[in-house]
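Okay, so here's the structure we're looking at.
The values are calculated or read from the model by the stated rules, or taken from the named source; none is laboratory data. From a predicted model like this one, the values you see are computed outputs, not experimental measurements. Neighbour counts are summed over all protein chains in view; Cβ atoms, including those assigned to glycine, are modelled from backbone coordinates with ideal geometry.
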Amino acid sequence: MDAIPTTALTPDSGHASVRADLLGRMRGASGPYLAGVAVCGMIVAWALFAWGYQIVNGFGSTGVRRPVYWGFYIVNFVFWIGISHAGTLISAILRLTGAEWRKPVTRAAEAITVFCLMIGGLFPLIHISRPWFFYWMLPYPNERLLWPNFRSPLFWDLTAILTYLSGSVIYLYLPLIPDLAELANHSKGAKRRIYRALSLGWTGSDRQWQALERSMKLMAVVILAIAVSVHSVVAYDFSMSVMPTWHNTIFAPYFVVGAIFSGIAALVLVMAALRKMMGLERYLREVHFVNLSKLLLLMSLIWGYFTFSEHLTTWYGNLPSEIRVFQIREHGLFGMLFWTMVACNFVIPFVLLGISKLRSIPTIAVSSAAVLVGMWLERFLIVVPTLSTPPLAAAWGSYAPSWIELSITAGTFAAMVLLYLLFVKAFPIIAIWEYDDGVRAR
Amino acid sequence: MKGRPAARAVRLEPASAARLSCTSLWGEFLVSLAMLSALLLLVVQTASASEQPIGFSHTAHIEKASMQCTDCHEGATSRDSAGLPSIRKCMLCHQFIATDLPEVVRLSEYWERKHEVPWERIYGFAKTAAVQFRHAPHARAEIACSQCHGDVASMTVAVKAVTHTMGSCIQCHRDNSATDDCLACHF
Amino acid sequence: MAEQTTQQAEQGAERTPQWAMAIDLDRCTGCEACVVACASENNVPTAGEDQAAMGRTKHWIRIDRYYEGEFPDIKVKYRPVMCQQCDEAPCEPVCPVNATYQNAEGLNVQIYNRCIGTRYCANNCPYTVRFFNWFAPEWAAPLNLQLNPDVSIRPAGVMEKCTFCAHKIKRAKLDADAEGRELADGDAQPACVQSCPAEAMVFGDMSDADSKVAKQLGSGRSGQLLESLGTKPRVFYLEKAD
Amino acid sequence: MDRRNFVKLVGTASGGAVTGACGRQAEEIIPLLVPEESVPVGAEQWHPSVCGECSAACGTLARVMASEREIEVDGELVRQKIAAVKKLEGNPLDPVSGGRLCARGHASLQSLYNPDRLRGPLKRVGPRASGQFEAVSWDDAIAEAARALTGVDPDRILFLARAREGVRAENIARFLDAIGTPPATSIGVGDFAAEREASERVFGRSGLPLYEIQDSTLVLSIGADFLGGWTSPVLYSRRYGHMRQGRRELRGRLIHAESRFSLTAWNADRWLPVWPGGELALALAIGHVLLSEQIADAPASVVSIFADVDLEQAAAASGVPVEAIRQTASELAQASAPVVVAGASMVRQNSADAVAAAAALNWLLGCVGKPGGVTPPTEPLEALARQPGFSGDWSERLEQAAVVLVDGVNPAYNAPASQSALAGAETVISFSPFLDDTSAFADLILPDHDPLEQALLEVPAVSPSPSFAAAGEFVAPLYDSRPTATVLSELAEAAERPFEEITVEEAVSTLHSAVESAGSGTSASDFEAKVFQDGGWQGQPSRKPPATPGALGTFEIASKQAGVVFQAYESPQFGSGSGANRPWLQELPDPTSSALWGLPVELDPATAARLGLVNGDNVRIRSEHGALEAPVYVNPAAIPGVVSMALGQGHASYGRYASGRGANPMVVVGAAHDERTGCPAMGPTPISIEKIAGGARLVQFSRQDRDLPPHRV
C-alpha cells in the first residue's frame, strides 16, 4: 500500500508556503460562501420548523401509516450513519496501512463522520413520536424501578451510536491538535485564546508527538471495530425482526459494505467540491480521486455481489412471505426504484470507473453522486416494501412522505453542507502537519 | 411473586434496580439531581397550594361530629372511586346545623345557586399517566385511608400529605407482596 | 407456560389463569359485531375519511377476508384477527423501553404511558394488529359521553392494541374477590366474545382443563395464525369443518 | 400550515409556563350543577332496553354510569352530572338476542349521542329541503301541527311509520282512529311485506314464519340473507352457530341461493348464484325435481304449483344450471332434517310469489312444524296487534295527501320518487330526531326521544316463543325532545279529538291479563316488576294445530332479462340507510368491498375488464329512472352482468357523518315494485355504465381481495 508515489505532491510545496496557503484559505468569506451559508441556514430552519410542527400537531402529520410504521426517517437514519463510515473507516484503514496519499484526505473524511453522526443520530429523535421521553431509553436509576429494554436493537443502536460519535469526535480531534496550536500562533485576541485552549497545551515536543502518534494508532484500531459494529447494529434493527426479507443473516455485513461504499462516495463528492470551491487543486490531486475511485469500484463490486446473493437466496428459497416482498420490490412501483438503484450503485460506477479511459475527476464525482442516490434508494427499498407487505395480505398498505418528511430530509442535507461550510472556516480542512510530514518524507 | 412462572425471570425485574442504583458516581449524581428536583417540585407545589372554595374542616366533622370517612366519601371501600359528596349531602345537615358559620353561609350560597361546590382535587393521577386506580381492593386489603391520604382527621382543609408517585405505589405494593405487574394499574 | 401453571396448581400455589381465546371459524359469520363491540368497549376512536384513506383507522379486531376461486365456484375465507397475545411475541423484545411485555397470565400488555413511539413493535408484529395514535383522539360532543371510564384514553404518539379486555378481566377478578369466591369460567368475557351472535368465540383460562376454552382447544380443529413463525399465539382458530 | 396551527406551534414554546401557573383546569372552573338525583361515580348499572335498529327488536342491556356534560343554562356554561349509557349488550334473558348483539345494535349508542341530534322542535323557514329551520317552542309547534291536521279532510292525512309491533304502533293507531284517518302504512322497508303475504298463502297465517335452522341438517336459503340482515340477524346467527357446531357429531350444511354474494353466501357450503328475479324460477324448479323424488305427503294445492314446471325454462330463467338444481333437490330429499328458508332480502317484482314457492318447498320436504323445519307464524299478541301494515298504494296516497306525518321512516331516501310528493304536500310533519332526507322536507320537526331515553315495548318480528321486549326509562333525555306518543296525545288534545295514550306500564298490565288467562298465576304487580327487571316477557311456544296452506295462486316464470342490470341491497351495517350517521358504522369495513366512509358500485371482473375499470375508478350508472356516480369495486364474486350497490350512503341530509357522502342506489332502481304486494323492488333495473374522470375516492380498509399465491408465479 505504501507504494503509492508521493510525486503527486507538487515539488514546490514547501513547509512555509503550504501553511500560509492553507491558513490563508480559512480567512475571509466570499459572497457565494455567505450565500451558501444563508441558503443552507434557511433550509435547516425550515426543517426545524417542520419538526416542531410534527411534535405539536402529532406524528400523524408525517406520511407514515399502518402498516408502514417506519418511513423516510429511518431511511435517512441508515443513510447518514452509513455515510459516517467515510471518515473514520477510510482514514483509519489508510492510516493503519500507512497509505501516504491519504494525508490531504483524512481531515475531510473525519469531519464527514462527525457531522453525519450528528445528523444521523438526530433521526431517532425525530422518528419517535414522544421525543420528550427519549431519556427513557437511557439506563439510569429511578424511583419507578424501570429500565430500558436491553434486548431491544434500538437500545443497542443508542449505545453504538453514542460510542461511535464520541470515538469519532476524539479521532477527528486528535490530529487537529497540532494544527490548532499552529492556528493559535497565527491568530489574535479571543480566537487565539480559543485555539490555544483547544490545542490542549500542544508545544510540539517529541513526547507529545509520540503520544499523539500512539493514541491515533490506538484510536484507529478502536474506531475500526466500532464502525463495523455500529453498522452491524443498524442492520440488526432490521435483521432481528421477524419481517420477511428483513430477517436475514447477510444484513450486517451487507450494511457495513453499503456504509463504506456510500461513505467513499460522499468523501469523493466532498473532496471534489472542496477542490473546486476552495481551489485546493494543489493538494487534492487527481491521484487521490483515482485511488478513491478504485476503492469505490471495489466496494461497488462487493455491494453488487451482496445484493445478488441476497436476492438469489430469497428468490430460490421461495418462502411465501418473502417471495411476495421480492415480487413487490422488483416489479411495479418499487421496481422502477429498484432498477434505478442497480444502475446507480453498480452499472454507472462499473462503467465509469471500470474503464480506465473514462476515469477522470468529473466522472468519478458523477459516479459518487450516483452511488449516494443509489444507496439512499437501497435503504428505502429495504424499509418500505417489506413493511408495506406484512405476512397477512389483508393488512397490506402503502406509504408516501408528507411535506414534513421531505422538509426534514432536505434540511439534513442542508445541515451537512452548512456544518461543512462552517468547519472549513474554523479549521484547516487539510491537516497541515500531516501534509507537511508527507512533504518532508519526500 | 410466588405465582410467577420462572420464564418471566428473563423479563426485566425491577429487583435489579435496587442493586444497581447508587453504586456508581453516576448514580449518585442522578440521585442528587432527582432529590434536588423533588425539592424544587415541593417548593413549587407548596407555593401553588390549592385554596378550597370553602374552608371545609375535616377535623370538625370527624372529631367533633364523629363522622366516618365513608359517610361522605361513599365509594371509598366499595367502589372504584371514593367520590366527593354532592352539596345535597352537605345540606342534609347544614340546613339545620351551624347555619351561621361563615363557611356554611358560603355553602348555602352555592346551594341557592344550585351549584356544586367546586372542590379542588388534591389527589389523583394525570390523564396521561393512564392509571386506573380502584379504591375497593385497597380497602379490602385493609390499607388504612391515612396510608395514602395522611391523617386527614387532624386536618382542617385537606392538604396533600402524601405524594403519590409510581415509586410510592410500587414500594407499597412490594412491601405488601401485592402485584407489581404494570397492567395492575395501567390499562 | 401452561405446564408450569399446572405444576403450580398441583403444588397448591395460588392459581394464575392463562388466558386464551378460541374462535370457531365454522360458527363465525363475518358479521363484524365484534368490531363495533370492541370499539364501544375500549374507547377506540374513529379516524375519519381522510385518515382512513391513509390507512390510519384503528380496528383492534378486524375481519380479514380473502376471495378464493373464480365465479361461480368462488369462496371467501375470513377470520377475525386481533392481537394474538403471543407467548413468544415479536413485539416485546424490540421495544427499547419495555412498554410491551407478557404478564404472568399470558396477556401481551401494552403500557400506554411508557410508550415513546418508536413503532418498532408494530413493524415487528406479523399480524399487523398494533395501532398507533397518530393524533390525540377526538370525539364530537356528546359522543364523548359514551366513553368507558374503565379504559384509559390513549394520548397522541403511543401504540395501542387489543388487550383481551384486560379491564374486564380485572373487573371480574375484583368482583369475585369482593364476593369472596374464585373466578369462575366465563366471568371474564372480552367485548368481542360477549357480543358474538354466532357464539363463535370462547374465552377463558386454558390451564383449567374444565374451562370451555380448554375443551375447544382439544377439539382437533384448533390451529394458530402464522403458526410457523413460532410466535405461539393465545388466540386459537378452529378451522372450518367442511 | 394555517395561521391557527402556527399560533398553536408558537404557543407551545411559552405554553408550559401558562398552564403551569394556571393550576386549575378549565373544566373545574365551569360550575357543576346539583343533579336531580345522585348518580354514584365509578359504579355501573345495567338497564334493559330494546334495540330500535331493525325489526328483530332485540332485548338489550344498557350499561349506565355517571358522566358529565357541559350545557348552557340561561347563557351560562355549566357542567351537569348525568347518567350516561356507556355500552349496549344483548340481554341474556331475551329470547331473540340471547345476550348477543350485532354491529348495528352496538352502534345505536351513536344515535343517542349523535352530535347532530335535533335539540328541540323546528319549524321550516326556507324552501322545502333547503335545511333552513328555526327553533320553536313545543307549544307553538303542537298548536301549528294541530291546526294543519284539523284543517284538512282526514282521508288526506297520511301517517308513514315503521312496521313494528308495540306500544308505539298502538298509540299511532289510536291517534289515527281519533282523528278519523286511515291506518298508518310503512313504506316497504323492513316490513317484509312479501314474506308476510306469502305466509298467508303458504301457511294460512299472517306474520313471519320461524325457521328452526339450529336443528336442521341441511338448510337451503332462497333469497333470504338471514345472517347479514333480514328479519332477525342475531337470532338466526345464533341458530346458525348452533347448526354448525352446537351439536355433537352433527354439522348442518347450508346452501344459499341469492343474486349476490351476501354474508349468508359467504357462510354457505355452496352458493347458487341466481339471476335477480330468478328466485321464483329456482324454487319452482327445485320443487319440480323434488316431486320426482317425492318424500312427503304434501297438500295437493302445493304439489300442483310444482307439477307443470318446465325445468329447462326455469333453470334458464333462474340462471342456475339444471345440474345444480337437481343436485340441490336430491340433497334436500336425502337430508334427515332439511328446511328451506324463504325470503326476499332484495325485493323483486315477483318476490311474494318467489317467497311463497320457496316456503312451499317445506311442505314437499315435510318439515312444516317439525324440529329443524319451519314453524308457521304464531298468533300475534292481541293487545298489540295493530302494527302499521304495509299498504301497496302508499305512494299514490302520498301523492294525494295534504298532511304527511313521518315517524321512523325515510321515504325521501328509500323511495326518491316520493320527494316530489313530499315537496307538494301542504304540510309535512316529521318526528325524526335528525334532520334527515325526509325531515328536510318537513314544515315541522317534532323530534322524538332516542329509543334509549324512553319507555318501550316492542314485539319482535320473529321469536322462538311469544315474547315482547320492554324497557323503562333510565337516562334523562339529553335535549328538548318529546316521545312521539306524548306528542300525539298533545296533538289530539289541541285538535280536540278523543285520544287515550297507552303507556308502556298500561300495555304491560293489559298483557298481564292475557297471560293470566293462560293461567300463569302471577299478580299484576309482580308481572310488571318482572317485565321491567328482565326487560320483557316470553311465553311458552304455542301449540297450535298444524297450519294448512291457503290458496297459493298461479306462478309465472318470467324470462331472464338481457343486458347489464342493477340491484340495490340493504347493507349489513347501514340497513336501509339509517345507520349512516354512526361513525362506528361508517368506519366499519363493508364486508364485500372493505370500503370505509363510502360504498362503491360492485361490478364483476368481466364487465369491469370490458369497460376498462379497476377498483377506485368512478362510473356513471344510468337507468331510465335516474343516474348516480360512484367509485367502482370489482367484486370477484359478482354475477357477470349484475351490478350491485348497498344502501347506506347518498343522504342529502343526515348529519355530519352521512350528508353528501356517496350515492343513493335507489335513484337508479326507480319505482318498480312487487306485483302482489306493491312493495318497492330493489332491482333488477337495466342500466348503462360509463367510466368518468375524477369523482369520489374508494377508501378501503383492506385493498387485497386475495391471499396472494404463496409461491412465485
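Does the stretch D:113-155 hold any residues that are of a type in the set (Asp, Glu), outside any loop (DSSP other than H, G, I, E, B) and touching a strand residue (DSSP E or B) at 6+ places or on another chain (Cβ under 9 Å), and which are they? Answer for the stretch D:113-155, where residues must be of a type in the set (Asp, Glu), outside any loop (DSSP other than H, G, I, E, B) and touching a strand residue (DSSP E or B) at 6+ places or on another chain (Cβ under 9 Å): D:GLU134, D:ASP140, D:GLU144. Residues in the stretch D:638-697 that are within 14 Å of another protein chain (Cβ to nearest Cβ), aliphatic (A, V, I, L, M) and assigned to a loop (DSSP other than H, G, I, E, B): D:ALA638, D:ILE639, D:ALA658, D:ALA696.
Hey, can you tell me all the residues within the stretch D:558-577 that are assigned to a strand (DSSP E or B) and among the β-branched types (Val, Ile, Thr)? Within the stretch D:558-577, just D:VAL565 meets the criteria. Counting residues in the stretch C:118-129 that are more than 16 Å from A:PRO391 (Cβ to Cβ), more than 7 Å from every other protein chain (Cβ to nearest Cβ) and either in contact (Cβ under 8 Å) with a residue 40 or more places away in the chain or assigned to a loop (DSSP other than H, G, I, E, B) (or both) gives zero. Considering only residues that are of a type in the set (A, V, I, L, M) and either within 13 Å of another protein chain (Cβ to nearest Cβ) or surrounded by fewer than 16 Cβ atoms within 10 Å (Cβ to Cβ) (or both), which ones fall in the stretch B:69-120? Within the stretch B:69-120, B:ALA76, B:ALA82, B:LEU84, B:ILE87, B:MET91, B:LEU92, B:ILE97, B:ALA98, B:LEU101, B:VAL105, B:LEU107, B:VAL117 qualify. Suppose the filter is in a helix (DSSP H, G or I) and of a type in the set (Ser, Thr, Tyr); does A:TYR69 pass it? For A:TYR69, the condition - in a helix (DSSP H, G or I) and of a type in the set (Ser, Thr, Tyr) - is not met. From the set of residues in the stretch C:64-94 that are of a type outside the set (Lys, Arg) and in a strand (DSSP E or B), which is farthest from the other protein chains (Cβ to nearest Cβ)? Top of the filtered list is C:PRO80. Here D:PRO338 does not fit the description of being modelled with pLDDT of 90 or more, surrounded by 22 or more Cβ atoms within 10 Å (Cβ to Cβ) and under 20 Å from D:ARG156 (Cα atoms). Restricted to the stretch D:43-97, the set of strands (runs of 3 or more DSSP E) holding at least 2 residues that are under 26 Å from D:GLY190 (Cβ atoms) and within 13 Å of chain C (Cβ to nearest Cβ) comprises D:59-73, D:76-90.
Just the residues that are of a type in the set (A, V, I, L, M), more than 30 Å from D:ARG251 (Cβ to Cβ) and facing chain D (nearest Cβ under 7 Å), please, taken from the stretch C:15-48.
Correct list: C:ALA39, C:ALA47.
Being in a loop (DSSP other than H, G, I, E, B) and in contact with a Pro (Cβ under 7 Å, 6 or more places away or on another chain) is the filter; apply it to the stretch D:469-483 and report the residue that is farthest from the other protein chains (Cβ to nearest Cβ). That would be D:SER481.
If you go through the stretch B:92-125 and keep only what is without any contact (Cβ under 8 Å) to a residue 24 or more places away in the chain, of a type outside the set (A, V, I, L, M, F, W, C) and more than 23 Å from D:GLU68 (Cβ to Cβ), you end up with B:HIS94, B:GLN95, B:THR99, B:ASP100, B:PRO102, B:SER108. The set of residues in the stretch B:126-141 that are in a loop (DSSP other than H, G, I, E, B), more than 7 Å from chain C (Cβ to nearest Cβ) and touching a residue at least 12 places away in the same chain (Cβ under 8 Å) comprises B:PHE133, B:ALA141. Out of everything in the stretch D:174-208 that is among the aromatic types (Phe, Trp, Tyr) and part of a helix (DSSP H, G or I), what residue ends up being modelled with the highest pLDDT? Only one residue tops the list, namely D:PHE175. Name the residues in the stretch D:247-299 that are surrounded by 24 or more Cβ atoms within 10 Å (Cβ to Cβ) and of a type in the set (Gly, Ala, Ser), would you? Within the stretch D:247-299, D:GLY252, D:ALA257, D:SER259, D:SER262, D:ALA265, D:GLY277, D:GLY278, D:ALA281, D:ALA283, D:ALA285, D:GLY287 qualify. For D:LEU588, the conditions (1) buried (at least 24 other Cβ atoms within 10 Å of the Cβ); (2) closer than 14 Å to D:ALA663 by Cβ are fulfilled apart from (2).
Counting the residues of the stretch B:154-167 that are in contact with a Cys (Cβ under 8 Å, 6 or more places away or on another chain) and more than 14 Å from chain A (Cβ to nearest Cβ) gives 1. When restricted to residues that are of a type outside the set (A, V, I, L, M) and either at pLDDT 90 or above or touching a helix residue (DSSP H, G or I) at 6+ places or on another chain (Cβ under 7 Å) (or both), the stretch D:64-78 contains 2. Scanning the stretch C:77-94 for residues that are in contact with an Asp or Glu (Cβ under 9 Å, 6 or more places away or on another chain) and touching a residue at least 40 places away in the same chain (Cβ under 8 Å) turns up C:TYR78, C:ARG79, C:PRO80, C:VAL81, C:CYS86. Taking the conditions (1) in contact with a Ser or Thr (Cβ under 7 Å, 6 or more places away or on another chain); (2) surrounded by fewer than 22 Cβ atoms within 10 Å (Cβ to Cβ) in turn, A:ARG324 satisfies each one other than (2). Scanning the stretch C:184-200 for residues that are outside any loop (DSSP other than H, G, I, E, B) and facing chain D (nearest Cβ under 7 Å) yields a count of 2.
Given the options A:PRO362, A:PRO428, A:PRO401, name the one that is in a loop (DSSP other than H, G, I, E, B) and surrounded by fewer than 20 Cβ atoms within 10 Å (Cβ to Cβ).
A:PRO401
Report yes if C:SER207 is out of contact with any Gly (no Cβ under 6 Å at 6 or more places or on another chain) and buried (at least 20 other Cβ atoms within 10 Å of the Cβ), otherwise no. Taking the combined requirement at face value, the residue satisfies it.
Across the stretch D:100-121, the qualifying residues are those that are surrounded by fewer than 23 Cβ atoms within 10 Å (Cβ to Cβ) and touching an Asp or Glu at 6+ places or on another chain (Cβ under 7 Å), and the one among them that is farthest from the other protein chains (Cβ to nearest Cβ) is D:GLY120.
Among the residues of the stretch C:162-181, those identified as surrounded by fewer than 23 Cβ atoms within 10 Å (Cβ to Cβ), more than 9 Å from every other protein chain (Cβ to nearest Cβ) and either touching a strand residue (DSSP E or B) at 6+ places or on another chain (Cβ under 8 Å) or without any contact (Cβ under 8 Å) to a residue 12 or more places away in the chain (or both) are C:ALA176, C:GLU179, C:GLY180, C:ARG181. Being β-branched (Val, Ile, Thr) and away from chain C (no Cβ under 14 Å) is a description that does not apply to A:THR389. Quick check on the stretch A:240-263. Is at least one of its residues under 30 Å from A:TYR33 (Cβ atoms) and in contact (Cβ under 8 Å) with a residue 40 or more places away in the chain? The answer is yes; a qualifying residue exists.
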